[in-house]
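Here is the structure we will look at, set down as structure tokens.
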């Protein structure tokens, strides 16, 4: 099957610029082209494609539609639950993403219950 050609949908710069008196940003003035393969089906028997950058909720929705019999794990009670579940050290941002909380709050809570291994600008947390 030949590769499908991208579909380009140009957007007028005036459609994204606001009506305010503030100067327009570069993103508002530049023409926008959205590239996506022109396909109607993103699912096959053994594969699901979610083209482009997608937030985690897009993957959760796709998985729920494909395998509705799977139960979603309940949200963690605290950061310690995330470390126990993972079974390996996790970065502060990973724990904050799972807990859906600000990194600064998560880091403060982790400082009381976990061991920190600095790496680069942040580090990894493991159960104490």
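Name the residues in the stretch 80-98 that are touching a residue at least 24 places away in the same chain (Cβ under 8 Å), part of a helix (DSSP H, G or I) and either surrounded by 15 or more Cβ atoms within 10 Å (Cβ to Cβ) or not assigned by TED's automatic domain parsing to the domain that holds residue 115 (or both), would you? Result: 80, 83, 92, 95, 97.
In a residue-by-residue description of the stretch 69-79, the property of being closer than 30 Å to residue 105 by Cα, part of a helix (DSSP H, G or I), at pLDDT 85 or above and in contact with a helix residue (DSSP H, G or I) (Cβ under 7 Å, 6 or more places away or on another chain) applies to at least one position. Number of residues in the stretch 50-65 that are surrounded by 11 or more Cβ atoms within 10 Å (Cβ to Cβ) and assigned to a helix (DSSP H, G or I) equals 7.
The values are calculated or read from the model by the stated rules, or taken from the named source; none is laboratory data. Owing to the predicted nature of the structure, the values given are computational and were not obtained by experimental measurement. Positions of Cβ are backbone-derived with ideal geometry, glycine not excepted, and every protein chain shown enters the neighbour counts.
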